[in-house]
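Presented below is the structure to which this report refers.
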Amino acid sequence: MSDLLKFNLLQAEKAIKNKEFTSVELTNAYIKAIDDTYSLGAYLETVKEKSLDMALKSDKNIADGVARPLEGLPIGVKDMFCTKGIKTTASSKILDNFYPTYESTVTQKLWDDGAVMLGKLSCDEFAMGSSNETAAKGNVKNPWLLDKQVSPGGSSGGSASAVASRSALAATGTDTGGSIRQPAAFCGITGLKPTYGRCSRWGIVAFSSSLDQAGPLTRTVGDSALMLNSMAGYDKKDSTSADLKMPDLIDCLDKGVKGKKIGIPKEYTQDGISNDIIKFFETSINWLKDAGAEIVPVSLPHTKYALPVYYIIAPAEASSNLARYDGVRFGVRKEGQSLDEMYELTRGNGFGEEVKRRIMIGTYVLSSGYYDAYYLKAQKVRRLIKQDFDNVFEKVDFLLTPSTPTTAFSLGEKQDPLTMYLNDIFTVPASLAGLPGISLPVGLDKSGLPIGMQLIARAFDEPGLISTAQVIENYAEFNFIADGAAK
Ligand code: GLN
């Protein structure tokens, strides 16, 4: 492995500013790593010339003494973020010719802070999936146990695979029901889903607008802190973005967890969860205890309804959001004899199976006869799920749960959509309640695949989330590197 690939984001930030190496050198190391890991399929698009231009500008800023917070650090972007003049497909055939004329707020903030763009990363089509297998251009591979062909998780599978394989220093992701946290867990990296409203959704391809949230996928908790510092912030172009100042998350590192109360929800140790994950769950609890936290058993009684509620609300919003892809305004058109036929052919050819399934479910639950029975009911139960969290957060500061019930499954293993949906069981509840969550790697299972633990915090307590996650990170000392990582 090139020595430069060993630096994590925080280390590289310091080293570049201390002139240990240049951004052009670092960016070139990553461009080579992208080639070396090409078979993983993480990148849909690379922009080498642009990357090197940005790196050169960063080196000049450093030489001039005007370095910005992420100056010269090369990162990848999930293909859900619109990038000006650079193809943005949301991994869908229907957007195969879409070159946005604008830049998403979150990516613009990253470039404004000096980050260098490496390219666009694959994901499940329109971020609908948990395995990256619904991507129009084919699945992405997890760099762990490469010969076993394991899923990187989804929908931010390209982002997670790129960070774990050292072909991006860090990456952006979006999380609607777990799409940052679950792939982070499967690939042995850290993924942070901020509070709903913490980052602007402007310029992100919409899936389910009341749930979608952008966040970082990184190697360490400190890296997440550094990257989220730049991604977060109020944006008048997104009416749901929160007008709240976030403290500098770097100041939240090394704060410990003494005196904090950690809730352990009893609903998160149900049947079907792997023994290795249970073992590490118990170990993580002991680490927090050892660090001076108080462990409190809690209950979130409506958890069992979270998946059914999510799979009504998310498809309902998706069916409405995806109505815009009609062959007229965006993307690829397939001509027909009439306007109706053009719509049918465009959408029939442009969308994949999973996206069509969700559009049909969503249209059904919003239809006049069924709206009250399904959509409205789901909204009411969502409220109860949120109240469960409100109640426990009167007693505790954070919740600790496993990120997923199993470690990464094999590509092609989950053919039935319902078994795939079950994989989101631990990530969806916090999404429905709009709460921030982080997944971080704590160890390997018997077969050598990473295990992720999730911490959930009160709304807008990303600072506390970072401090507490770092305590677990320090105990876990997860220093394993995927066998498929760039060498
Ligand atoms: N796996 C979930 C789904 O398919 C979550 C996806 C996401 O968070 N974007 O909807």
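The values are calculated or read from the model by the stated rules, or taken from the named source; none is laboratory data. Keep in mind the model is a prediction, meaning the values are calculated, not measured. Please note: Cβ atoms are built from the backbone with ideal geometry, for glycine as well, and neighbour counts cover all protein chains shown. All accessible areas refer to the heavy atoms of the entire protein, side chains included, with ligands and DNA or RNA removed. Shrake-Rupley method; radii C 1.70, N 1.55, O 1.52, S 1.80 Å.
Tabulated data for the structure shown
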quantity	calculated
Residue within segment 457-471 that is within 16 Å of the ligand (Cβ to nearest atom) and more than 19 Å from Ile277 (Cβ to Cβ) present	no
Check on Met128, aliphatic (A, V, I, L, M) and within 12 Å of the ligand (Cβ to nearest atom)	yes
The lone exception for Thr195 - which of (1) away from the ligand (no atom under 13 Å from the Cβ); (2) under 18 Å from Pro450 (Cβ atoms); (3) of a type in the set (Val, Ile, Thr) it fails	(2)
Ser320 of a type in the set (Ser, Thr, Tyr), open to solvent by 60 Å² or more (accessible area, probe 1.4 Å) and within 16 Å of the ligand (Cβ to nearest atom)	yes
Options Glu45, Glu25, Glu49: the member that is in contact with a strand residue (DSSP E or B) (Cβ under 6 Å, 6 or more places away or on another chain), surrounded by fewer than 22 Cβ atoms within 10 Å (Cβ to Cβ) and either in contact (Cβ under 8 Å) with a residue 60 or more places away in the chain or not in a strand (DSSP E or B) (or both)	Glu45
Any chance Ile295 is over 21 Å from Gly222 (Cα atoms) and buried (at least 17 other Cβ atoms within 10 Å of the Cβ)	no
From Ala171, Ala135, residue being within 14 Å of the ligand (Cβ to nearest atom) and either at positive phi or modelled with pLDDT of 95 or more (or both)	Ala135
Test: residue in segment 55-63 that is free of Cβ contacts under 8 Å to residues at least 60 places away in the same chain and in a strand (DSSP E or B)	no
Residue list for segment 92-105, restricted to those being open to solvent by less than 20 Å² (accessible area, probe 1.4 Å) and touching a strand residue (DSSP E or B) at 6+ places or on another chain (Cβ under 7 Å)	Pro100, Ser104
Only one of Ser165, Ser161, Ser224, Ser200 that is under 22 Å from Leu322 (Cβ atoms) and more than 15 Å from the ligand (Cβ to nearest atom)	Ser200
Residue in segment 103-119 that is under 17 Å from the mean Cα position of the chain (by Cα), within 12 Å of the ligand (Cβ to nearest atom) and not charged (D, E, K, R) present	no
Ser319 vs. criteria under 25 Å from the mean Cα position of the chain (by Cα) and over 30 Å from Asp271 (Cβ atoms)	yes
Residue tally, condition in contact with a Phe, Trp or Tyr (Cβ under 7 Å, 6 or more places away or on another chain) and of a type in the set (Phe, Trp, Tyr), over segment 112-167	1
Qualifying positions in segment 159-193 - among the β-branched types (Val, Ile, Thr) and under 8 Å from the mean Cα position of the chain (by Cα)	Thr172, Thr174, Ile180
Meets criteria (at pLDDT 95 or above, among the aliphatic types (A, V, I, L, M) and farther than 21 Å from Pro74 by Cα) for Ala185	yes
Residue pairs meeting the criteria (Cβ under 7 Å; at least 6 apart or on separate chains; first assigned to a loop (DSSP other than H, G, I, E, B), in segment 116-141; second of a type in the set (Lys, Arg) and open to solvent by 10 Å² or more (accessible area, probe 1.4 Å))	Ser122/Lys137; Ser131/Lys414; Ala136/Lys93
Some residue of segment 411-426 being closer than 25 Å to Thr218 by Cβ and out of contact with any Gly (no Cβ under 9 Å at 6 or more places or on another chain)	yes
Residues of segment 138-158 classified as away from the ligand (no atom under 14 Å from the Cβ) and within 12 Å of the chain's Cα centre (by Cα), total	0
Number of the condition not met by Gly76 [criteria: (1) on the phi > 0 side of the Ramachandran plot; (2) within 20 Å of the chain's Cα centre (by Cα); (3) not β-branched (Val, Ile, Thr)]	(1)
Helices (runs of 4 or more DSSP H) fully within segment 374-487 counting 2 or more residues that are modelled with pLDDT of 95 or more and surrounded by fewer than 19 Cβ atoms within 10 Å (Cβ to Cβ)	377-392, 462-476
Selection status of Asp276, closer than 22 Å to Phe186 by Cβ and touching a residue at least 60 places away in the same chain (Cβ under 8 Å)	yes
